[in-house]
1. Can you find, within region 118-131, the residue that is nearest to Leu144 (Cα to Cα) among those that are among the aliphatic types (A, V, I, L, M) and open to solvent by less than 40 Å² (accessible area, probe 1.4 Å)?
2. With respect to the numbered conditions (1) open to solvent by 30 Å² or more (accessible area, probe 1.4 Å); (2) assigned to a strand (DSSP E or B), which one is the sole condition not fulfilled by Met173?
3. Restricting attention to region 94-117, report how many residues are in a helix (DSSP H, G or I), under 17 Å from Gly228 (Cα atoms) and open to solvent by less than 40 Å² (accessible area, probe 1.4 Å).
4. What are the residues in region 53-74 that are under 18 Å from Asn3 (Cβ atoms), open to solvent by 60 Å² or more (accessible area, probe 1.4 Å) and small (Gly, Ala, Ser), if any?
5. Any idea how many residues of region 129-146 are modelled with pLDDT of 90 or more and either more than 21 Å from Leu202 (Cα to Cα) or among the hydroxyl-bearing types (Ser, Thr, Tyr) (or both)?
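The values are calculated or read from the model by the stated rules, or taken from the named source; none is laboratory data. Computed from a predicted model, the values in this text were never measured in an experiment. Heads up, the Cβs are rebuilt from the backbone with ideal geometry, glycines too, and the neighbour counts pull from every protein chain shown. Each accessible area value is taken on the protein alone, full model and side chains, heavy atoms only, with ligands, DNA and RNA left out. Shrake-Rupley method; radii C 1.70, N 1.55, O 1.52, S 1.80 Å.
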Amino acid sequence: MANPGTPSFEQLRIFLAVVDAGSFAGAGRRLNRAVSVISYGIANLEAQLGLSLFEREGSRKPVLTTAGRALLAEARAIAQGIDGLRAKVKGLLDGLEAEVDLAVDVMLPADRLGRVLRAFAQEYPTVSLRLHAEALGAITALVLDGKAVVGVSGPLAAGVEGVECVAAGSVPMVPVAAPDHPLGRLERIPPGAGRDHVQLVLTDRSRFTEGQDFSVMSARTWRLADLGAKHALLREGIGWGNMPLPMIEPDLVAGTLVRLAMPDHPGGTYRFAGVWRRDTPPGPAASWLLDQFVRLGAEDREEAGFIDL
């Protein structure tokens with residue numbers, strides 16, 4: 001048996017127009033073509049495929065055959081793919097990026113990130129996104145190394161040569177521990193008590209934090225590069241540490257973590273900055289992303305405090 005031919009995109013467009021308009025004349029009006037051109041296009045498509053797509057008798061309106069119904073979904077998928085390709089090409093011709101690499105600090109609240117990325121998907125449906133979630137100086141390192149075009153960094157980006165920064169809000173940080181941890185059992189914690197217990201400290205391997213500690217009280221530390229792991233170990237009662245409030249609010253409500261009343265370590269504000277390389281300005285889609293993080297950050301009304309990791 002002979003193999004079917006390859007239909008043209010124009011033939012598929014005519015086929016879909018007839019289905020959607022409900023008539024050959026309606027398809028002609030949609031495509032600004034004569035009815036004879038529509039009929040000729042359908043006849044050629046059927047000849048290419050070796051199948052009848054519309055019933056020829058018993059109805060004044062075109063009715064799909066079984067074969068026509070079977071091929072309809074495939075034809076729509078091809079048409080949507082072509083439309084997507086054309087939209088992407090137009091965006092590239094207009095200067096729109098094909099892909100955006102975004103790096104975000106792990107402290108960034110998940111709901112804030114989700115809101116921005118959901119809106120981004122609607123605003124730029126043809127632009128692919130690659131998301132990196134890192135800690136501390138790793139965000140700035142990714143941007144400087146060209147692995148991310150823009151980032152939402154913590155305060156360590158400020159003053160780094162070659163990087164531009166814009167304020168993008170903040171998140172409150174609070175010291176917490178499991179309720180059965182020795183510090184978690186105390187209603188009032190004496191000054192300096194945190195030094196006697198293991199402190200879980202977030203760290204990273206970037207060159208911007210090498211040899212540095214941030215708000216570390218205890219000489220006994222466990223250092224973790226993953227905020228999720230730190231969260232899990234805090235809940236296990238292995239140590240105490242500072243966490244972004246939005247992330248552990250459910251734990252405070254459920255009682256799986258307790259906020260520590262430490263007079264010498266009360267918590268503070270972790271500030272975010274939108275960052276990009278000075279010599280590589282972000283394109284339209286990446287700039288839109290930064291603007292959204294800045295806009296949402298401007299709505300943040302947390303009082304200023306100190307950096308507390």
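1. Val127
2. Condition not satisfied by Met173: (1).
3. 1
4. Of everything in region 53-74, just one residue is under 18 Å from Asn3 (Cβ atoms), open to solvent by 60 Å² or more (accessible area, probe 1.4 Å) and small (Gly, Ala, Ser), namely Ala70.
5. The qualifying residues number 2.
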